[in-house]
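The next block holds one structure in the form of structure tokens; read it before the comments.
None of the figures in this text is laboratory data; all of them are computed from the coordinates on show. All of these numbers come straight from a predicted model, not from anything done at the bench. Here the Cβ is made from the backbone with ideal geometry for all residues, glycine too, and neighbour counts use every protein chain on show.
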Amino acid sequence: MLLQYHKITVNDTNRIPLLTIVSFEFILLVFELVAFLATFLNVARFQFHFNLKLICAYAFIAYWFDIIARSIIMGFEIGVVRLDDDVIDEESLKLPWNYSNYSFIILLCCSVYRVSFMFLICSLTLLLAVERYFATIWVSTYETKKHKWISLLLVGSNILAGITSSLIFHYGTELLFNKILAIFLGLCLNIISIVLFITLYSLNKANMEFCQTREITQSYTLSLRFQLNENLKIMKWLKNCIVVVTCFNTILAGFLIISNHEYLKDNYPVMVKYCHALMNLGIAIYAQVTFFVVTLADRNFRTYFLRFKVIRFFTKPFFGRIFPDDFRSKKMLSTSEETNFYFAKLSSQWDDQMMRNMGLNQRKKGFMFF
């Protein structure tokens, strides 16, 4: 059984370096536990389509529970919760319904959930790509109709596939090749997502260019342009997330293979423990970097996300000096004030254009009179 658990014993010669890595990971997890929970509570206020918000909320909730699962496993690893190796070996030989040690059951559940979350990491970009696919083919009605079944189907199938893959990963100890193949297939999902995103972005861009050449008298042209432009903006924003996810998944996949290789466990136990510790720290850093990239990498969406006090509070200590103008406190206008400001600005632009046209007509008349 491949539990995501490597015990750090008192007699371990590498105890101090390993505990240092675990300590850094724990600090990040505590920060993310609060930050991600606070951000999740504000997801409902985000002005995105229902399906996109539901997928993002699913990712937030999944990682929040993964933090709890990893914290429990960490307690077993450093000895806060005691569980002898003999007990693990004995319980591992039993069938699941014959398990009797509650500590082992808790450890197993946390490990199974953690591996299923790793499957989510590999497939999240594909979920977003499929959601954007439906936003592309149903561009004319996607904002007016929620199409809830799309996100429910994607999230439900991801949960089912993740749990199934995790159980196979844990109980198929003799099928190492299959595990490597499964990890490789997980990375392939990222490549498929990238290709799908590029294709959809090109399709939306081509439709946008075609729409701009049509007769303006058609009543639906403006609405179609707006939705195509929204698709392009969101996909350009998500592209940053895809790049980060693909890079981290590739690196962490290597650590995952090494830390679960039976031959390496027997012959290079120190290397395996370090790879396991670095993989867990990498996942914590991964989540942190992804959070910052999603909220701050794109200028338009950075301005939007920083309107939320929770996000400003957690990002300002790290990026306040990098984006001083965006983090500077600004007077927030009400909806009516924003509407009045917009139409006043539009009116002034219209007046300026009218004055320029009048001046041009007067010069033409003067020229004709001359």
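Among Arg299, Arg312, Arg70, which comes first, then next, by fewest other beta-carbon atoms within 10 Å?
Placing the least packed residue first, the sequence is Arg299, Arg312, Arg70.
How far is the Cα center of the stretch 1-42 from the Cα center of the stretch 57-82, in Å?
8
Can you classify the stretch 15-297 as rounded, prolate or oblate using the Cα gyration tensor, where a ≥ b ≥ c are the square roots of its eigenvalues, rounded means a/c under 1.5, and otherwise it's prolate if a/b beats b/c and oblate if not?
prolate
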